[in-house]
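Participant: Questions regarding the structure given below will be posed in turn.
A short reminder: the numbers here are calculations on the coordinates, not readings from a lab. Source: prediction; values computed, not measured. Here Cβ is always computed from backbone atoms with ideal geometry, including for glycine, and neighbour counts include all displayed protein chains.
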Amino acid sequence: MITYRNRMISLTDTNATNNTNPVDDKNFNKPEDIKNTKAEPINEAERIPNQTVTSKKYQQILENDKQIISSQKDPLSTNYLSHKTKQIIHEVMDYLKTWETNGTEESLVEITEIKKRLDNIATYLQDYPSNRVLVGMLRLIFDNNNWMKMNTGQINVFHNELKRFQTGYVSQEELVKFSQQLFRTKVLQIGEEVNEEE
Amino acid sequence: MKKSKKSKIKKLKYLVDTSIQITRFRQPYLEKELTKLSQSNLIYTSYYVFYEFKAGIIKNLIDYYLIVKNSTDIASAFSYWSDRFRPRELKNKLILDSIMANLYEKMELKNKDIYLIQVESVIFHLLKNFLTNITGIIGDFSDNEILKFNIDKSEYYEDFQRAVKANSFIKLEPFLKSKITEIQTLANNDTFKNDKKLEKLYQCIKEISLDLSKANTHNVSKSIGDAIITLDCPLSHTLVTTDHSFEVLCTCLSKPYMRISKDAPVLTEATS
């Protein structure tokens, strides 16, 4: 735990040059601060998607993340959440690029990995509405079979739209635009055709 | 040398009703048709349509969310929710069925928290795309409490339920006072009177034509939604719908309408 806490403080120190007090709310929650943050992974295994990690070790990583989020009541946890969100967005974008290049049939492993990571991050998003809804929408895309019909144009749009959140900061305004673009381009379709009852 | 005047192409104005707003989420072809239409025309919807959307589909999904949240078991929560579905919400049932088919498929495999996040995202997505590809929203009822209620996140759902309960129907007398001539026209129209499918709607209109205050009662207010949308639609706008009722209502009032078939991928009728 001490190791994690130290790493989190060092993460926040890189955020803003004027940030001498890590507990100061205004220095933590500005998107510009988060923009300047380097992606400093807590654990190498998290950063490299294809690295083999035993399930037990991965569960331990998740459990530690959850404890950090839930035990922190100050703005440090918001920043840590932005870091995790940024990480997952970049991972999903990498997988999408692979999918776009290789085609759907050659990318089933990547799709599975995306779903797993989204489920993992979803477990500690309960108190953060915008992040929660973003992950929910991403999960919806992969939870019916419509993703199988996506063409390279749509995958490209999906990839580009995720850039709105690549800093890890999820604003309501960007979330709305994201939702609207996914609707316009049919990347996210929430309904399936059902036969009308007589 | 005289410059030739370029003739201005006047954009036609359309108003989409609740059936279109609901069906476009379920049928991608319809959204495609609307997008085509919007390229050289102006597509509007009305505040009353938004009210029906929010107090109908959205409220149903929120009810479902809260039932699942308060249950230990997703499957039995779904069963309980399906059983209490009221017949008059049939219009909403098709889109809800399609959304549920999508969400339910993986239900047993899902962690309840993840499942709830997805339901919340569906509600968010529907709300935020109500006006996507729509030029604007017009008409009376912009002041309605349900419309003004923010439900951007699940933390507000219970309050929204209470607000809907407290404002379970709209008192329509103030709106209808300025439409009394049109009400009388509808009430005196034989085609409307003799249409078996619209019997209940006609009876309500007849009651209102004799006593306007009847429009302030729950049963009447909830039954005349299609008539309100028609009355609220300006003459300059062509009402777009999938419903038969508007064919009759618009014809009675000499208002232009366009009926899109739910099954065929083209615009089937246009009258003026």
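Participant: Please identify, among B:166, B:227, B:77, the residue showing maximal mean-square fluctuation in a Gaussian network model of chain B using a 10 angstrom Cα cutoff.
Facilitator: For chain B, modelled as a Gaussian network with Cα springs under 10 Å, the answer is B:166.
Participant: Identify which of B:28, B:234, B:256 has the largest mean-square fluctuation in a Gaussian network model of chain B, with springs joining Cα atoms closer than 10 Å.
Facilitator: Greatest mean-square fluctuation among the candidates belongs to B:28.
Participant: Listing A:150, A:93, A:137 from the residue with the fewest other Cβ atoms within 10 Å to the one with the most, what is the order?
Facilitator: A:93, A:150, A:137
Participant: Excluding residue B:153 itself, calculate the net charge of residues whose Cβ lies under 9 Å from the Cβ of residue B:153, where each Lys or Arg counts +1 and each Asp or Glu counts -1.
Facilitator: After counting each charged neighbour, the total is -2.
Participant: Restrict the search to the stretch A:110-150; then list the chymotrypsin sites (Phe, Trp or Tyr not before Pro) that DSSP places in a loop and that have at most 12 other Cβ atoms within 10 Å of their Cβ.
Facilitator: none
Participant: For A:158, A:183, what's the fewest-to-most ordering of other Cβ within 10 Å of each Cβ?
Facilitator: Ordered by Cβ neighbours within 10 Å, fewest first: A:183, A:158.
Participant: If each residue's Cβ is checked for other Cβ atoms within 10 Å, how do A:128, B:80 rank with the fewest at the top?
Facilitator: With the fewest neighbours first, A:128, B:80 line up as B:80, A:128.
Participant: Once a ≥ b ≥ c are taken as the square roots of the eigenvalues of the Cα gyration tensor of the stretch B:115-169, is the result rounded (a/c under 1.5), prolate (a/b larger than b/c) or oblate (a/b not larger than b/c)?
Facilitator: Oblate shape, in that a/c is at least 1.5 and b/c is the bigger or equal ratio.
Participant: Give me the net charge of residue B:203's neighbourhood, meaning all other residues with Cβ under 11 Å from the Cβ of residue B:203; Lys, Arg count +1, Asp, Glu -1.
Facilitator: For residues surrounding residue B:203, the net value is +2.
Participant: Continuing with this model, one more query. Once the dipole of the stretch B:100-213 is set up with Lys and Arg at +1 and Asp and Glu at -1 on Cβ about the Cα centre, which of B:121, B:213, B:201 lies farthest towards its positive end?
Facilitator: Of B:121, B:213, B:201, it is B:201.
Participant: Let me ask something else. Give me the net charge for the shell around residue A:126: Cβ to Cβ below 9 angstrom, other residues only, Lys and Arg +1, Asp and Glu -1.
Facilitator: Net of charged neighbours comes to -1.
Participant: State whether the stretch A:111-169 is rounded, prolate or oblate according to the following rule on the C-alpha gyration tensor (a ≥ b ≥ c being the square roots of its eigenvalues): a/c under 1.5 gives rounded; otherwise a/b larger than b/c gives prolate, and the remaining case gives oblate.
Facilitator: Since a/c reaches 1.5 but b/c is at least a/b, the shape of the stretch A:111-169 is classed as oblate.
Participant: Using amide H atoms built 1.01 Å from N in the peptide plane, name the residues 5+ places from residue B:16, or on other chains, whose amide H lies under 5 Å from its own.
Facilitator: Answer set, sorted by chain and number: B:44, B:45, B:240.
Participant: Classify the stretch B:128-236 from the C-alpha gyration tensor, please: rounded if a/c falls under 1.5, else prolate or oblate depending on whether a/b exceeds b/c.
Facilitator: Taking the square roots of the gyration eigenvalues as a ≥ b ≥ c, the stretch B:128-236 is prolate.
Participant: Over its Cα atoms, what ratio of radius of gyration to 2.2 N^0.38 Å does chain B give?
Facilitator: Here the answer is 1.10, to two decimals.
Participant: Let me ask you something else. Can you compute 3J(HN,Hα) from phi for each residue in the stretch A:140-157, using the Karplus curve 6.51 cos²θ - 1.76 cosθ + 1.60 with θ = phi - 60°, rounded to whole Hz and x for Gly and Pro?
Facilitator: Result, rounded to whole Hz: 4, 4, 9, 9, 10, 9, 5, 4, 5, 8, 5, 8, 5, x, 5, 5, 5, 4.
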